[in-house]
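J.: To start, I am sharing the structure in question, which I have written as structure tokens.
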């Protein structure tokens, strides 16, 4: 089982739609969780950290389910500019907290 | 703040040539990472440094790859000799040393093409 797994997509949604991505991780001792965004031919950039109680940043909501070992990202009212690849990132104490990246989920928002 | 700086941004070379990629991390960051990204394999961690010391190079594909960090503001990734399968985007990233919080800041990447 891969350490961090994501559905590669692409998720193809119309503007204004709500879309959700899940990401599963294999190490139950994982302690830090993040979502990064990567635009085409650009570098990954931090979108948001994921906290145990869940957190929201505008149209974006991240949640953590430790029992089932997955994190999720919900995007409400999708914009054309949300089109990108979303990378799930997990870090574990066994790996000196060095992040492990998922392969990413591609989102395409169309008019 | 300038962010992570990488050079060159693009490199086209012929098989067998030596390639040197350069990175300047964000000032004050204790960790520096080298990644390779391809469509087939995604983002792969090659090596990382803590306070200029290489900590884990298990991701370095083979002896043709080497990395150095002579000081806190500069690192190189060298491929010698290069092969077509090395074609990829190489990212450098840096991170502050806060335990449990390894948020990484990526440079713009070097797009390497080996013919």
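Here, each number is a calculation from the coordinates, and none is a lab measurement. Everything numeric here is computed off the predicted structure, so don't read it as measured data. Glycine gets a Cβ as well: all are built from the backbone with ideal geometry, and neighbour counts include every protein chain shown.
J.: Using a 10 Å cut-off on Cβ atoms, rank the peptides B:29-35, A:49-55, B:78-84 from the highest mean neighbour count down.
T.: The most tightly packed comes first, giving B:29-35, B:78-84, A:49-55.
J.: Taking only Cα atoms of the range B:18-87, what ratio of Rg to Rh do you get with Rh as the Kirkwood inverse-distance radius?
T.: Computed over Cα atoms, the ratio is 0.96.
J.: If only Cα atoms are counted, what is the Rg of chain A, and what is its Dmax, in Å?
T.: 13.5, 44
J.: Over chain A, what is the relative contact order in percent, taking alpha-carbon pairs closer than 8 angstrom and at least six residues apart?
T.: RCO, chain A: 37 percent.
J.: Gap in Å between the Cα centre of the range A:36-84 and the Cα centre of the range A:1-35?
T.: 8 Å
J.: Please report the projected area of the protein assembly as shown's Cα convex hull averaged over all directions, in nm².
T.: 12.7 nm²
J.: Using a 10 Å cut-off around each Cβ of peptide B:84-94, what is the average number of partner chain Cβ atoms that fall inside? If you can, show how the numbers build up before the last one.
T.: Working: counts 0, 0, 0, 0, 0, 3, 0, 2, 1, 3, 0.
Per residue, the number of nearby Cβ atoms from other chains is 1 on average.
J.: Across peptide A:40-53, what mean number of C-beta atoms from other chains lies inside 10 Å of a residue's C-beta?
T.: 3
J.: Order by neighbour count: B:11, A:3, A:56, fewest other Cβ atoms within 10 Å first, most last.
T.: Ordered by Cβ neighbours within 10 Å, fewest first: A:56, A:3, B:11.
J.: Given the Cα-Cα distance of residue B:17 and residue B:83 and 0.36 nm per residue of separation, how much length would full extension add, in nm?
T.: 22.9 nm
J.: Could you tell me the distance between the Cα centroids of the range B:2-24 and the range B:55-110, to the nearest Å?
T.: Rounded to whole Å, the Cα centres lie 11 Å apart.
J.: Only counting other Cβ atoms within 10 Å, I'd like B:55, A:98 sorted with the fewest neighbours first.
T.: B:55, A:98
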